[in-house]
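**Q** Take this structure first; my questions come after.
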C-alpha cells in the first residue's frame, strides 16, 4: 500500500499529462475546419498542477469554494475527470462547441465549478465578497447553521496587475475579512514576458499592510535537503539572487547549462562543486525545478499549518511550463508542444498508445488510487450547489403622490418593505459604493442598519448632533456600505446574488450607483451575469436630467448597456406606479429558473404622476415593456414613443400637436430591452408557429405612413429600432454627445428633447 504522498505524486503526474494532452488533442489531432489555433495554455496549466493536486486531493472540504485561475482550466477539467465529475467526451472536445469550456464556467461546464473565471482578477476578488456574504448570512436567523468554508483563489502572478484586486483588498480590510486564501502561482512570467524583479517583495508588503497572513513557499523538499549539505548555503544564496529571466532561461536550456552557470557564478569551491557534480544533469535540473509550488509535501504542510480564519496569501514559487518541454521559455504562454515534443513528453510519462485518456487503468495501483479519491471528504460531496425555497414577495406598494421622481419613489417603496418586516424584507440586502444617501437608500438604512460583525453606534446620534442618517452597525444590519469602487459593487452583488447556490439561502441584493458610473464596473457586472447571479442594480440619477452636475455625471449610453447585457433585464419607468409593479415583478424574476438580474434606470427628476387605477391588462403591458398612454385614433399622422423621465415633455408636446393632429397617440416604453428581445424571438420563429411580439401587437393598427417620433433622455439608438418592426419612418431624439451644466430646460432644448422641439418636429411631419 502506497502512502498518501506517493499516491498524490501519481495523481499529480496524471493531472499534468491529461491537461497537456487535452490541449494537444484540441490543436493537433481533432478536426479543425476553421484552421484557427484552438489554444489552451499548456505552460500556465503546468505551473499550477502541484498546487491544485494538493488542494483537490487532500486539503479541500465540501464547504470550501475555489476560483481557479482562467488559464488553468485544463487542469481543473482533468481533476474533475479523475474525480468522476467530467466526461471523456467533454475533455476530448475541450474548447469545442458544447465541450469543456476554455475557462471554468458555472453555467456552461458540467463539472463542479464554484466560481467562473475568465477576465483575470475578477475571480480572485470574488472570493473575498463571497466570504463577506458567508459572514452576513451566518449571522441572520435563516442562516445560523451554514458551515464556514474557506474561499480560495488560485491566482496567476501577472493577474495581480489588475487594479480591482487592490480595490478588493482595501474593501476586505474595512469589513474585517476572514476565511480567504489566495494562492499565488508565482511563475514569474506574464502573457508576453517575465515579470519585474522584486514583485514578491512588493506583494508581501501589500498583504502585510492589509493584515493578511503571508506564507512564502519558495523551496521544495529536494532544495531544502540540498541546502543542508556542505556548501548548500551557497547554492541557496545563488538561487535567492538569480534574476527571474535568467532562472527561466536556464530551466529551458536544461541541467548542463544550469550546472555550468551556477559553478561559474559561485566559483570553484570544492564543497559546492561536489554538491552539484554528484547529480546528473537531469537530477540537477529536477533539483532547481523543485520550487515550493511544485512540492506536494511542502504545499500540504503549509496549508495544514493555517489554523486560524485570518486571510492568508501564499506566494508559491513555480516554473511556467513545469515538467514539459516548454518549461521556462518566455514565449510559452501561448506556446504549444509540437507533435514531436508531445511524443517525447508521452514517453517520459509512460503513457502507452491508446491509453491517452485513461484515468488510472495504466497504473499498477489503479484500484488504490480510485479508492483514495472516492473517500476524500471533498470528493464525497457530489452536490455542492444548493437550492433555496421560493420566497413570497410582498404585495405591490404604490406611492400616491401627484409629483415625484422615480428615485424618490424607489426609496419610499424600499422603506415600506422595511416597515413590513416580512420574510421577504429580511432577505433584502442593499449595497452601494459610498452613494447610499444620494441614491435614496437612506430610509431603508435608517430602519435596517448597516452590517458588521462588530457592533458600533452612531457617534453623532449618541452626541445628539442632528443628522438625517442613523449609521448603526450590527450583525443584524441589512446594508453593506462599500468604498467608491464600482468593480467592488458588482462583485458584491455577484456574490450575494449566488447565495442560494453557495449557501442554500436566498438573498435579494439591491445595489445603487450613479447611472453614468455603471460603466466603471461593466467588466464585473458582465462577469456576475455570466455566472447567472441574481441581483438588482439601480442606476440613479440618470441622463442629462441631472443637469447641474454636467457631462461627467450624466449618462448617455446606459440604456444600450441594459439592452445588450446578457442575463440582465432593464427597465426605465417614467411613473411611480410603473416602478412599483416592476420592482414586485423583479423580485420574482430573480428567483425564476429562467430569470436573471434586473437593471432599473431611475431619475431624480420629479414629474407629474397619472392618478389612475391599473387593471390587469395594463400591469401585464408595463412588464412586457410598453403600453399606450394615449391610444391613437384611426388615422394618426404622428405617434410619439418615449421612455423614462421625458414623459411630461411628450405629454405637453402631444397637447400642442393635438390642435392639428386629432388622432395622435403616445406609446410609453417601460423596457426597450424586453420589447426588443421579444421581437427578436418572434422574428426567429418564422419557420415555426409564428407568435406576434408585444411591440408588433402594439403597432399593428398604426398605418404604415404614420411617422414615429422617439424620445429618451439617453442614446437615441435605444428606441430607433422600433421603426423597423413594421416599417414606419422614424425620427429618433435623444442624447448622443456629452452634456454640460445648466437647467433641465436648457439641456433638454439643447438636445431637442423638450416639448417645443418635439412639437416642431411633429408639425414638420405633415
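**Q** Any chance you could check the Cα centroid distance between segment 214-274 and segment 571-612 for me, in angstrom?
**A** About 65 Å separates the Cα centre of segment 214-274 from the one of segment 571-612.
**Q** If you count, for each residue, the other Cβ atoms within 10 Å and average over each peptide, how do 465-473, 155-163, 43-51, 598-606 line up from highest to lowest?
**A** By packing density, highest mean first, the sequence is 43-51, 598-606, 155-163, 465-473.
**Q** Then there is this: Please grab the % of Cα pairs in segment 4-88 that end up more than 20 Å from each other.
**A** Taking all Cα-Cα pairs of segment 4-88, the fraction more than 20 Å apart is 35 percent.
**Q** Hey, what did segment 403-608 get for relative contact order, percent, Cα under 8 Å, at least 6 apart?
**A** Computed value for segment 403-608: 24 percent relative contact order.
**Q** Counting only helical runs of four or more DSSP H residues, what would the 222 nm mean residue ellipticity of the chain come to if each run contributes -39,500 (n - 2.57) and the total is spread over all its residues?
**A** -11500 deg cm²/dmol
**Q** Let me ask you something else. Given R₀ = 45 Å, FRET efficiency for residue 273-residue 738 by Cβ-Cβ distance, to 0.05?
**A** 0.05
**Q** Cut-off is 10 Å between beta-carbons; in what order do 203, 546 appear when sorted fewest neighbours first?
**A** Ordered from fewest to most neighbouring Cβ atoms within 10 Å, 203, 546 come out as 203, 546.
**Q** Arrange the peptides 25-32, 516-523, 312-319 so that the one whose residues have, on average, the most other Cβ atoms within 10 Å appears first.
**A** Descending packing order for the listed peptides: 312-319, 516-523, 25-32.
**Q** Taking every Cα atom in segment 403-608, find the radius of gyration and the maximum pairwise distance Dmax, and write them in Å.
**A** Taking only Cα atoms of segment 403-608, I get Rg and Dmax of 16.3, 51 Å.
**Q** So, one more: Helix 73-82: angle to the longest alpha-carbon principal axis of the chain, degrees 0 to 90, nearest 10?
**A** Helix 73-82 sits roughly 70 degrees off the main axis of the chain.
**Q** Considering Cα pairs under 8 angstrom that are at least six residues apart, work out the relative contact order of segment 110-190 and quote it in whole percent.
**A** Result for segment 110-190 is 39 percent.
**Q** Same structure again: I need 549, 63 ordered by Cβ neighbour count within 10 Å, fewest first.
**A** Ordered by Cβ neighbours within 10 Å, fewest first: 549, 63.
**Q** While we're looking at this one, here's another question. Along each of the three principal axes of the Cα atoms of segment 481-562, give the extent in whole Å, ordering the values from largest to smallest.
**A** 45, 25, 17
**Q** Turning to a different aspect of this structure: Nearest 10 degrees, 0 to 90: what angle lies between the long axis of helix 672-683 and the longest principal axis of the chain (Cα atoms)?
**A** Between helix and principal axis, roughly 80 degrees.
**Q** Another question, then. So, R0 is 45 Å and r is the distance between the beta-carbons of residue 61 and residue 690; what FRET efficiency does that work out to, to 0.05?
**A** Efficiency computed from Cβ-Cβ geometry: 0.25.
**Q** Packing-wise, with mean Cβ within 10 Å as the measure, how do 611-618, 489-496 rank, highest first?
**A** Listed from highest to lowest mean packing, they are 489-496, 611-618.
**Q** Shifting gears a bit: Between the alpha-carbon centers of segment 136-166 and segment 701-766, tell me the distance in whole angstrom.
**A** What the calculation gives is 46 Å, centre to centre.
**Q** Kirkwood hydrodynamic radius (Cα pairs, Å) of the chain?
**A** Roughly 29.0 Å, rounded to one decimal.
**Q** Find the eigenvalues of the gyration tensor of the Cα atoms of segment 221-290, then list the square roots of 5 times those eigenvalues as equivalent ellipsoid semi-axes, largest first, in whole angstrom.
**A** 16, 13, 12
**Q** Here is a follow-up. Does anyone have the angle between helix 244-253 and the longest principal axis of the chain? Alpha-carbon axes, 0 to 90°, nearest 10?
**A** Helix 244-253 and the main axis of the chain meet at about 60 degrees.
**Q** Taking the Cα centre of each part, how many Å lie between segment 488-518 and segment 332-402?
**A** Spelled out, the Cα-based centre of one part sits 26 Å from the other.
**Q** Based on a Kirkwood Rh over C-alpha pairs, give the Stokes-Einstein translational diffusion coefficient of segment 622-764 at 25 °C and viscosity 0.890 mPa s in µm²/s.
**A** 158 µm²/s
**Q** Hey, another quick one. Under a point spin-label approximation (7 Å from Cα along Cα-to-Cβ), what is the residue 338-residue 202 distance to one decimal in nm?
**A** 3.6 nm
Computed from the coordinates by the stated procedures, all read-outs in this text should not be read as laboratory data. Since this is a predicted model, take the numbers as computed values, not measurements. Glycine also receives a Cβ, built like all others from the backbone with ideal geometry; neighbour counts cover every protein chain displayed.
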